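Engineer: Can you read through this structure? Questions will come right after.
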Amino acid sequence: MKVKKIFFWTTMAASSLLITGTACLNQTSAQLLSNVSLPYQFKATGNPIIRHTYSADPAALVYQDKLYIYAGHDEAPARQEAYIMNEWLVFSSADLTNWTEHPVPLKAKDFSWAKGDAWASQVIERDGKFYWYVAVEHGSIPGKAIGVAVADTPIGPFKDARGSALITNDMTTQYTQIGWDDIDPSVIIDTDGQAYLFWGNSKCYYVKLKKNMIEIDGPITPVKGLSPFTEAPWIHKHKDWYYLSYAVGFPEKTAYSMSKSIHGPWNYGGILNELAGNSNTNHQAIVSFKGKDYFIYHNGAINPDGGSFRRSVCIDRLFYEKDGHIKRIQMTSEGVQQTP
Ligand code: FUB
């Protein structure tokens, strides 16, 4: 069993968190230092759903009867206003109330060519293998890069699938000179079997992936019609609409565009989510699970030390209009109901 150290400041009432795992968190203490054994079981009693550790940039995967959430781990100590993110975390639930945190399945250092920064990511399944697309800082090509890890199960163990980055900053300098545009990968396998990778900061790009899921298969193309795009694209399909949701402005709201084709044209659908409390970023995943649709995001709501660099994953309901538009998300502190 793997043991993870958790440093957690909190003054929340004991009743706000039910822990059924091997560690018991004293919710009334000013500073909490405890060891949590993984796998670790806990109950979500509202938003944020994860309160024993900080979690950011959620990506969701439904596999068999479970929802998996893959998140970056915010490790910055209280009052340090910069990201410290070395690893990704995975959580699973069959009912959105009872959750398990699994042993850490992937770290930035698992990519030998990467320097660090376990930023946003997404996992997708194809032919029984699980592909995890991640943003990291490249070790030798200046700027951020996207790598891909592979596993035989949704909880790993994952290993670098290529031994090199899939996307590097020099592949997109014709579109923007910044070094952090190649982040926030989101992936989809279309109904005809073609896989696509979307990503970006300031500019949103997409590219076809080969069937092996670890090589690109064509030119990198900027996505048009998303303005003003900041980052955090999430591509998904619902009925016969493609949706590209993404962060706009800064601090970030979430907006979306929709199209009948994955190649566009993308029509702006409006704001989907307002500023997420106490966090200047707002990174979403959208998923259907057991007949309902969910919006999974992070905020900085954990007191007193949450904020933009100690973020926490939340889940609220998402509703489509009859014409395919998406209703604005209502962020709640109660969160979602337990699924049957
Ligand atoms: O977590 C690091 C970065 O912050 C992500 O890559 C962005 O989407 C923003 O959430």
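Engineer: Taking only protein heavy atoms into account and a 1.4 Å probe, give the accessible area per residue of segment 221-318 in Å².
Structural biologist: Accessible surface, normalised per residue, equals 33 Å².
Engineer: Further question: Of Ile302, Ile214, which has the most accessible area with a 1.4 Å probe, and how do the rest follow in descending order?
Structural biologist: Reading off the accessible areas and sorting them downward yields Ile214, Ile302.
Engineer: Express the carbon and sulfur contribution to the solvent-accessible surface of the chain as a percent, rounded to the nearest whole number, probe 1.4 angstrom.
Structural biologist: 52 percent
Engineer: While we're here: Heavy-atom accessible area of Ile189 with all protein chains present, probe 1.4 Å, nearest 10 Å²?
Structural biologist: So the heavy atoms of Ile189 present about 50 Å² to solvent.
Engineer: Follow-up. Any chance you could look up the accessible area of Leu96 with a 1.4 Å probe, heavy atoms only, rounded to 10 Å²?
Structural biologist: Here the residue's solvent-accessible area equals roughly 0 Å².
Engineer: Another question, if that's okay. Which trypsin sites (Lys or Arg not before Pro) from segment 270-317 combine a DSSP loop assignment with at most 16 other Cβ atoms within 10 Å?
Structural biologist: The qualifying sites are Lys290.
Engineer: Report the accessible area of His236, computed with a 1.4 Å probe over the heavy atoms of all protein chains in place, in Å² rounded to the nearest 10.
Structural biologist: The value for His236 is about 20 Å².
Engineer: If you take every residue apart from Lys203 with its C-beta less than 12 Å away from the C-beta of Lys203, what net charge results, scoring Lys and Arg +1 and Asp and Glu -1?
Structural biologist: Computed value for this residue: -3.
Engineer: Place a point 7 Å from Cα of Lys239 in the direction of its Cβ. Which residues in segment 297-340 have their backbone N less than 15 Å from it?
Structural biologist: Zone members listed by number: 319-327.
Engineer: Something else: Just to make sure I understand: if all protein chains stay in place, what is the order of Lys43, Lys144, Lys260 by accessible area at 1.4 Å, largest first?
Structural biologist: Lys260, Lys43, Lys144
Engineer: Now for a different question. Enter the accessible area per residue of segment 93-148 (Å², integer; probe 1.4 Å; all protein chains in place).
Structural biologist: Computed with neighbouring chains in place, this is 31 Å² per residue.
Engineer: What do you get for GluC sites (Glu not before Pro) in segment 54-133 restricted to DSSP loop and a cutoff of at most 13 other Cβ within 10 Å of the site's Cβ?
Structural biologist: Passing both the DSSP loop test and the Cβ count: Glu81.
Engineer: What whole-number distance in Å separates the alpha-carbon centres of segment 139-194 and segment 201-254?
Structural biologist: Segment 139-194 and segment 201-254 have Cα centres spaced 13 Å from each other.
Engineer: Turning to a different aspect of this structure: How much length would be gained if the chain were fully extended between Gln330 and Arg317, taking 0.36 nm per residue of separation minus their Cα-Cα distance, in nm to one decimal?
Structural biologist: 3.9 nm
Engineer: Taking a threshold of 29 Å on the Cα-Cα distance, which of the pairs Lys107/Lys224; Lys144/Lys211; Lys260/Lys290; Lys107/Lys290; Lys115/Lys239; Lys144/Lys327 fall above it?
Structural biologist: Table pairs above 29 Å Cα-Cα are Lys107/Lys224; Lys107/Lys290; Lys115/Lys239; Lys144/Lys327.
Engineer: Let me ask something additional. Viscosity 1.306 mPa s, temperature 10 °C: what is the translational diffusion coefficient of the chain from Stokes-Einstein with a Kirkwood Rh over Cα pairs, rounded to a whole number of µm²/s?
Structural biologist: Taking Rh from Cα pairs, D becomes 80 µm²/s.
Engineer: Under 5 Å between amide H atoms, partner at least 5 residues away or on a different chain: which partners does Phe111 have, H built in plane at 1.01 Å?
Structural biologist: none
The values are calculated or read from the model by the stated rules, or taken from the named source; none is laboratory data. If you're wondering where the values come from, they're calculated on a predicted model, not measured in any experiment. Methodologically, a virtual Cβ is constructed for each residue, glycine included, from the backbone with ideal geometry; neighbour enumeration extends over all protein chains shown. Quick note on the areas: whole protein, heavy atoms, side chains included, nothing else; ligands and nucleic acids left out. Shrake-Rupley method; radii C 1.70, N 1.55, O 1.52, S 1.80 Å.
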